Amino acid sequence: MYIKLLGSFLIALAGGGISLSFCRFQKKRLTVLDSYISLLFYIKGQIDCYSRPLSDILLSADVSLIESCGYRGDVPKSLSQMLPHGKIYLDEESFRLLMQFADEFGSTYKQEQLRRCDYYIESLLERRRLLLEEIPSKNRVGSAIWMCASFALMIILW
């Protein structure tokens, strides 16, 4: 009898732990998107002030900013090299926007590049706003699913 209670408690505890992990994952998604937005602001400033190529801009960027985008390793030479590392944290539309920015980067003159930076920053800020609005409902649903699944497993195993 005590073993069943202990097992039930451990299953409920596991469900709670998974629910907390799910909530942290949702917050990490927001953090990574914020980091990419900050990186685009940094890139825009470097283009505006120094007219540097992207590889030089990424070399001069703060390592913690690049790591907060989900990238681990040596400083990347391009955004295209960097993006797959943080893909798990980015929603489909944000990833598509960042890939488009990476593909278009350096293909136009300075003023057009600055306008494109503004466009992508505004688009990503809108995606961030939508993601921020979705987080509470996703956390509630995710927590409810994991807790219900753990209680259902307790009932089945009882």
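All of the numbers you see were taken from the coordinates with simple rules; none came from a lab. Note that the coordinates shown come from a computational prediction; the quantities given were computed from them, not determined experimentally. In this analysis, Cβ positions are derived from the backbone assuming ideal geometry, glycine residues included, and neighbour counts consider all displayed protein chains.
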Practice task
Output the residues belonging to the range 43-71 that are buried (at least 18 other Cβ atoms within 10 Å of the Cβ) and basic (Lys, Arg).
Solution key: LYS44
Completion exercise
Within the range 85-129, the residues that are surrounded by 13 or more Cβ atoms within 10 Å (Cβ to Cβ) and under 30 Å from ALA14 (Cα atoms) are HIS85, GLY86, LYS87, TYR89, LEU90, ASP91
Fill in the blank from the handout: Residue count, the range 53-80, condition touching a Leu at 6+ places or on another chain (Cβ under 9 Å), more than 14 Å from LEU40 (Cα to Cα) and not small (Gly, Ala, Ser), comes to 4
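Just need a number here: residues in the range 1-38 that are more than 11 Å from the chain's Cα centre (by Cα), closer than 30 Å to LYS77 by Cβ and touching a residue at least 40 places away in the same chain (Cβ under 8 Å).
At the first step, the residues of the range 1-38 found to be more than 11 Å from the chain's Cα centre (by Cα) are 1-24, 38.
Narrowing further to those that are closer than 30 Å to LYS77 by Cβ: 38.
Then drop every residue that is not touching a residue at least 40 places away in the same chain (Cβ under 8 Å), which leaves none.
Within the range 1-38, residues that are more than 11 Å from the chain's Cα centre (by Cα), closer than 30 Å to LYS77 by Cβ and touching a residue at least 40 places away in the same chain (Cβ under 8 Å) number 0.
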Problem - When residues of the range 72-84 are limited to those that are surrounded by fewer than 18 Cβ atoms within 10 Å (Cβ to Cβ) and not β-branched (Val, Ile, Thr), the one nearest to LYS138 (Cα to Cα) - result: PRO84
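Whether any residue in the range 86-96 is more than 20 Å from the chain's Cα centre (by Cα) and acidic (Asp, Glu) is what I want to check.
No.
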Problem - Conditions (1) under 21 Å from the mean Cα position of the chain (by Cα); (2) in a helix (DSSP H, G or I); (3) surrounded by 14 or more Cβ atoms within 10 Å (Cβ to Cβ); (4) not small (Gly, Ala, Ser); number of the one not met by ILE145 - result: (1)
Practice task
Just give me the residues in the range 6-41 being among the hydrophobic types (A, V, I, L, M, F, W, C), closer than 24 Å to LEU97 by Cβ and surrounded by 15 or more Cβ atoms within 10 Å (Cβ to Cβ), in sequence order.
Solution key: LEU30, VAL32, LEU33, ILE37, LEU39, LEU40
